[in-house]
Amino acid sequence: MKTRRLTFKFTLFFTMCMLVILVITSLLSYFNQMQLYKQQREESIQYVANYLDTLVVTDGEDFLNMQRYFIAHYEDFRLPVHFDNDDIQKSRERYKRADNKMYEAKKAMKATRE
């Protein structure tokens, strides 16, 4: 009878230790993964910022013209809410029309400069 109680106590102690270790390792793993995730998001944002900076510097006046055009015509751009084939086709056509308008505006701006 005494060995049963000792075995029970040992099993209970072992189980409690395992639960505590499991909780601690889970929390450590969670915080470590969150730190890695935040670091990756910051790197991603930095990459986008660097890309945009390069785009602005490289394109110069063209970027400013596109930005002005977008600000003036942002209401013409529509994004599909769902991806039905008809909606995708309509969005492509709308994009082509907006792109053509931007191209024509760009040509007109260049023509007025010359």
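In table form, for the structure just shown:
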{"item": "Any hit, the stretch 90-104, residues being of a type outside the set (A, V, I, L, M, F, W, C), outside any helix (DSSP H, G or I), out of contact with any His (no Cβ under 7 Å at 6 or more places or on another chain) and open to solvent by 100 Å² or more (accessible area, probe 1.4 Å)", "result": "no"}
{"item": "Pair list, Cβ under 8 Å, 6 or more apart: the stretch 43-72 residue surrounded by 10 or more Cβ atoms within 10 Å (Cβ to Cβ), other residue outside any helix (DSSP H, G or I)", "result": "F70/F77"}
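The values are calculated or read from the model by the stated rules, or taken from the named source; none is laboratory data. Here the structure is a predicted model, which means the values were calculated and not measured. Quick reminder, even Gly has a Cβ in these numbers, built from the backbone with ideal geometry, and neighbours come from all protein chains shown. For accessibility, only protein heavy atoms count, side chains too; no ligands or nucleic acids. Shrake-Rupley method; radii C 1.70, N 1.55, O 1.52, S 1.80 Å.
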